[in-house]
1. Computed from the mean reciprocal separation of all distinct C-alpha pairs, what Kirkwood hydrodynamic radius does segment 101-190 have, in Å?
2. Order these peptides, 112-118, 127-133, by their mean beta-carbon neighbour count within 10 angstrom, highest first.
3. Which values, in whole Å and largest first, are the semi-axes of the equivalent ellipsoid of segment 64-115 obtained as the square root of 5 times each eigenvalue of the Cα gyration tensor?
4. What is the sum of charges around Leu113, taking Lys and Arg as +1, Asp and Glu as -1, for the other residues whose C-beta is under 12 Å from the C-beta of Leu113?
5. For a Förster distance of 22 Å, can you work out the FRET efficiency between the beta-carbons of Cys215 and Cys116, rounded to the nearest 0.05?
6. Using the C-alpha gyration tensor of the chain, what are the square roots of 5 times its eigenvalues, in whole angstrom, with the largest one first?
7. Short version: ³J(HN,Hα) in whole Hz for each residue of segment 47-53, in order, from phi by Karplus 6.51 cos²θ - 1.76 cosθ + 1.60 (θ = phi - 60°), x for Gly and Pro, what are they?
8. Please give the residues of segment 163-206, grouped as numeric ranges, whose backbone N is less than 15 Å from a label point set 7 Å along the Cα-to-Cβ vector of Tyr127.
Amino acid sequence: MNGALKIPSLEKTPFILPIEIDNSQWNMALEITLCNVVDGSPALNPTKVLLGLNNNLLLIRFQCTSKHIRTKLTEPGAAVWEEEAVEVFLQPPGFSNTYFEIDLNPLNTTTQLKICNNGAPGDKRVYEGDTHWRCSGLITRTFIDGHLNTPGQCSGWTAELAIPLFSLLGGHDCSGLWRANFFRVDASSENLAYRAWLPTGEIDFHRMENFGQLCIG
């Protein structure tokens, strides 16, 4: 990827309107499309990601197409990536081996992790997630267009996140170049499909060298 994506400011947070209303402040957001995580090819079930800023809130909307949304996990911190889910990976400016992961499934179940990754190549790479970390002030919500766990009885689902960036920086200035990637686990069939903003060359979301850049502020 050449250059960083400039995240536009949204005058009002879209969270003041119901999630199912499309003609909100999201129409001013930056839009990206997820692709096959391995080779970058188009996905069978498209996923759009909308990005915007409201002060120090990073606003994210995933619009996920699917005719069979398979998900049952409701316990916070569960392994939501084993079912239908979306994932946000963010690395603040100046961080080298630490980044943050926030995962969300259609039932609005969240898993939050602070990841320490040595960034080594191949088998030498080691990473571990701190499951006790929490993003203070995080807001998430979801909307399901149809019925869960019933083939052919839905058209997709939407996930929205409002991430206070200062919670990832300990209250410091949030402006600068952030590194990021966005993912979806498509569980519309028994064989999970994996989508990414920027492909990693394998089914591995923790390839920091494949993170893109977001210009904040």
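1. Values: mean 1/r = 0.0631 Å⁻¹.
One decimal place: 15.9 Å for the Kirkwood radius.
2. So the order, starting with the most tightly packed, is 112-118, 127-133.
3. Those come to 25, 12, 7 Å.
4. -3
5. About 0.30, to the nearest 0.05.
6. They are 24, 22, 17 Å, listed largest first.
7. 9, 9, 10, 10, 10, x, 10
8. 179-185, 195-206
Quick note: the coordinates plus some simple rules give every number you see, no bench work behind them. No experiment lies behind these values; they were computed from the predicted model shown. Methodologically, a virtual Cβ is constructed for each residue, glycine included, from the backbone with ideal geometry; neighbour enumeration extends over all protein chains shown.
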